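Colleague: Let me begin by handing over the structure; questions about it come next.
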Amino acid sequence: MDISITRSAFLKALPDGNGLSFGTVFTDHMFNMDYSPEKGWHNSRIEPYGPITMDPSTMVLHYGQSIFEGLKAFKTDSDAVNLFRPEENFRRFNRSAEKMCIPRIDEAFALDALKQLLAVERRWVPFAPGTSLYIRPTIIAMDPFLGVRASYQYRFFIILSPVGPYYKEGFDPVKIWVTEKYVRAVPGGVGDVKTAGNYAASLCASEEAHKKGYTQVLWLDGVERRYVEEVGSMNIFFVIDDEIITPALTGSILAGITRDTVIRLAARWGNPVTQRRISIDEVMEAHAAGKLQECFGSGTAAVISPVGEIKYKDTVLPIGNGEVGMWAKRFFDRITGIQYGRVEDPEGWVVPL
Ligand SMILES: *Cc1c(COP(=O)(O)O)cnc(C)c1O
């Protein structure tokens, strides 16, 4: 399938790479493609970045039938541009599509479209330390219709945003708050895919955490409210008595690509990650026994986010004396090293542009 390219008549000034935050600046162009039952996916095009005009009755606005992905492009010291495991993102995109009754895309074609868009937008990949070009593929339901059913028509788009390091505090441990009131996902629900409603449903808990002075919410399972599932929109790891543990994928946890990368690196380093259910009580007990060495989140935006404090009910668990743990640092350094092309990539995770 051909991709037509319409170049913008005006190019924006590039932002200062050192002052970048997250998700506020967008590039000159975007990728667009439409779906109809008659034509399938068609009309693939790269065109100037701009608003999507839609009818107020458009289904996505009412019922949230939409999915997205998040990945990054990195500028290396030798001025090359690297993607990190992008095939995994498009594979997961299709898993999300299936669960949300959205027609599948051709993964190889989508990756090719992304590469073509990046070729057009190459100057937007920032090079200041810790910066990258965030990539947001999205599919939304486009039927102008107020009945509740799966849409017939869809729009697939990809937008790009140059970003700085995710946390304003830098690579410093963050404080997280365990919510007992809210749950993120339940077995049989859609918590294991990247669909809009999951994030809408997390906002009040997040606001409450911020009001209490915490950066992120630690989510427990939706049935017993006992087992740790995720932190904010990241996967979570604990190091207890030298064992690295992450919650097993039970159906209500998003299968993070960074999570998988951590698991594969740990295995290669001879320190396999245990994937099992882990209760908040076990975490409390490990802390009381002096065995809770580390806790960190993993996700594309932050890569690794060390946790320095967990609050559960009235108990505050300080972790690691405010320092970044050894494992968190090791994973962060190796993953970012591979992404920026500074260290060896034996698994072939990097896809150069
Ligand atoms: C995207 C996401 C993650 C992390 O996935 P990565 O592929 O590592 O970026 C974890 N949890 C949730 C809920 C997410 O949406």
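The values are calculated or read from the model by the stated rules, or taken from the named source; none is laboratory data. It should be emphasised that the depicted structure is a prediction, and the values quoted were computed from it without experimental measurement. Because the Cβ atoms are built from the backbone with ideal geometry, glycine has one as well, and the counts that use them run over all protein chains shown. In case anyone asks, the SASA skips ligands and DNA or RNA and just uses the protein heavy atoms, side chains included. Shrake-Rupley method; radii C 1.70, N 1.55, O 1.52, S 1.80 Å.
Colleague: Among the listed pairs LYS194/LYS329; LYS75/LYS194; LYS39/LYS194; LYS39/LYS99; LYS99/LYS291; LYS72/LYS329, which are separated by more than 31 Å between their Cα atoms? Provide the component values of the computation, followed by the final result.
Modeller: On the way: LYS194/LYS329 27 Å; LYS75/LYS194 26 Å; LYS39/LYS194 26 Å; LYS39/LYS99 22 Å; LYS99/LYS291 39 Å; LYS72/LYS329 20 Å.
Correct reply: LYS99/LYS291.
Colleague: Given a Förster radius of 45 Å and the C-beta distance between ASP16 and LYS39 as r, what FRET efficiency does 1/(1 + (r/R0)^6) yield to the nearest 0.05?
Modeller: 0.55
Colleague: Also, quick follow-up: Using the Karplus curve 6.51 cos²θ - 1.76 cosθ + 1.60 with θ = phi - 60°, work out ³J(HN,Hα) for each residue of the stretch 239-245 in order, rounded to whole Hz, and write x for Gly and Pro.
Modeller: So the J values, rounded to whole Hz, are 10, 10, 6, 6, 9, 8, 10.
Colleague: Can you put SER279, SER206 in order of accessible area, largest first, using a 1.4 Å probe?
Modeller: Reading off the accessible areas and sorting them downward yields SER206, SER279.
Colleague: Quantify how much of the Cα-Cα distance distribution of the stretch 144-291 extends past 25 Å, in percent.
Modeller: 39
Colleague: Turning to a different aspect of this structure: For GLU230, which sequence-distant residues (separation of 5 or more, or a different chain) have an amide H within less than 5 Å of its own amide H, given hydrogens modelled in the peptide plane?
Modeller: Under 5 Å from the amide H of GLU230 lie the amide H atoms of TRP219, each far enough along the sequence or on another chain.
Colleague: Report, by chain and number, residues whose modeled amide H sits under 5 Å from the one on VAL343, excluding near sequence neighbours (fewer than 5 apart, same chain).
Modeller: Here ILE338 satisfy the definition.
Colleague: Could you compute the net charge surrounding ALA205? Neighbours are other residues with a C-beta less than 14 Å from the C-beta of ALA205; K and R count +1, D and E count -1.
Modeller: After counting each charged neighbour, the total is +1.
Colleague: Could you run the Karplus curve 6.51 cos²θ - 1.76 cosθ + 1.60 with θ = phi - 60° over the stretch 41-51 and give me ³J(HN,Hα) per residue in whole Hz, x for Gly and Pro?
Modeller: Result, ordered by residue: 6, 8, 6, 7, 7, 9, 8, x, 4, x, x Hz.
Colleague: Quick one: of the DSSP bridges fully inside the chain, what percent are antiparallel, nearest 5?
Modeller: Here the share of antiparallel DSSP bridges comes out near 85 percent.
Colleague: Helix 86-99 versus the longest principal axis of the chain: what is the Cα-based angle in degrees, 0 to 90, to the nearest 10?
Modeller: Roughly 90 degrees between the two axes.
Colleague: Once you charge only the Cβ atoms, +1 for Lys and Arg and -1 for Asp and Glu, what is the size of the charge dipole of the stretch 46-131 about its Cα centre, to the nearest 20 debye? Each step should come with its number before you reach the end.
Modeller: On the way: 11 positive and 12 negative charges, 46 e Å.
That gives a dipole near 220 debye.
Colleague: Using a 1.4 Å probe on the protein heavy atoms, what percent of the accessible area of the stretch 195-334 belongs to carbon and sulfur?
Modeller: 48
Colleague: Of all the accessible heavy-atom surface of the stretch 1-89, with the other protein chains kept in place and a 1.4 Å probe, what percent is carbon and sulfur? Intermediate results must be reported in sequence, preceding the final value.
Modeller: On the way: 2400 of 4580 Å².
Heavy-atom surface of the stretch 1-89 belonging to carbon and sulfur, 1.4 Å probe: 52 percent.
Colleague: What accessible area per residue, rounded to a whole number of Å², is obtained for the chain using a probe radius of 1.4 Å? Mind showing how you got there, number by number?
Modeller: Numbers: 15730 Å² over 353 residues.
Result: 45 Å² of accessible area for each residue.
Colleague: Further question: Rounded to the nearest 500, what is the chain's calculated 222 nm mean residue ellipticity when only DSSP H runs of at least 4 contribute -39500 (n - 2.57) each, over all residues?
Modeller: Theoretical 222 nm ellipticity from helices: -7000 deg cm²/dmol.
Colleague: At q = 0.06, 0.11, 0.15 Å⁻¹, what log₁₀ I(q)/I(0) does a Debye calculation on the Cα points of the chain give, no solvent, two decimals?
Modeller: -0.23, -0.78, -1.38
Colleague: What's the whole-number percent of alpha carbon pairs in the stretch 204-274 lying beyond 19 angstrom?
Modeller: Of the Cα pairs, 42 percent sit more than 19 Å apart.
Colleague: I've got another one for you. Percentage of Cα-Cα pair distances in the stretch 220-324 greater than 17 Å, rounded to whole percent? Spell out each step's value before the answer.
Modeller: Numbers: 2766 of 5460 pairs.
Above the 17 Å cut-off, the stretch 220-324 has 51 percent of its Cα pairs.
Colleague: Here's a follow-up. Two-decimal Rg/Rh of the stretch 1-52 from alpha-carbon positions, Kirkwood Rh? Provide the component values of the computation, followed by the final result.
Modeller: Numbers: Rg = 14.6 Å, Rh = 13.2 Å.
My calculation puts Rg/Rh at 1.11.
Colleague: Provide the packing ranking of 92-102, 130-140, i.e. peptides ordered by the mean count of other C-beta atoms within 10 Å per residue, highest first.
Modeller: 130-140, 92-102
Colleague: Along the Cα→Cβ direction, 7 angstrom out, place labels at THR53 and VAL223. What is the inter-label distance in nm?
Modeller: Spacing of the two 7 Å Cα→Cβ label points: 5.0 nm.
Colleague: Moving on. How large is log10 I(q)/I(0) at q = 0.12, 0.15, 0.19 Å⁻¹ when the Debye formula is applied to the Cα atoms of the stretch 4-163, each weighted equally and without solvent?
Modeller: -0.54, -0.83, -1.22
Colleague: For SER132, list long-range residues whose amide hydrogen, built 1.01 Å from N in the peptide plane, is under 5 Å from its own amide hydrogen.
Modeller: Amide H neighbours of SER132: VAL163.
Colleague: Determine the gain in length on full extension of the stretch LEU146-ARG264; use 0.36 nm per residue of separation and subtract their C-alpha separation, reporting nm with one decimal. If you can, show how the numbers build up before the last one.
Modeller: Working: separation 118, 0.36 × 118 = 42.48 nm, distance 4.54 nm.
The LEU146-ARG264 span can extend by a further 37.9 nm.
Colleague: To the nearest 10 square angstrom, what accessible area does ARG226 show with a 1.4 Å probe?
Modeller: Accessible surface of ARG226 is approximately 100 Å².
Colleague: Something else now. Give me the Kirkwood hydrodynamic radius of the stretch 93-224, using the inverse of the mean 1/r over all pairs of distinct Cα atoms, in Å to one decimal. Don't skip to the answer; put the middle values down first.
Modeller: Working: mean 1/r = 0.0557 Å⁻¹.
Computed over the stretch 93-224, the radius equals 18.0 Å.
Colleague: Got a sec? Charge dipole of the stretch 4-163, +1 on Cβ for Lys and Arg, -1 for Asp and Glu; which of LEU14, SER36, ALA108 is way out at the positive end?
Modeller: Ranked along the dipole, the leading option is ALA108.
Colleague: May I pose another question? Arranged from highest to lowest average of other beta-carbon atoms within 10 Å per residue, in what order do the peptides 269-276, 304-311 appear? Mind dumping the intermediate values first?
Modeller: Working: 269-276: 13.1, 304-311: 23.1.
Top to bottom by mean Cβ count within 10 Å: 304-311, 269-276.
Colleague: Tell me the angle of helix 107-120 to the major Cα principal axis of the chain, expressed in degrees between 0 and 90 and rounded to the nearest ten.
Modeller: 80
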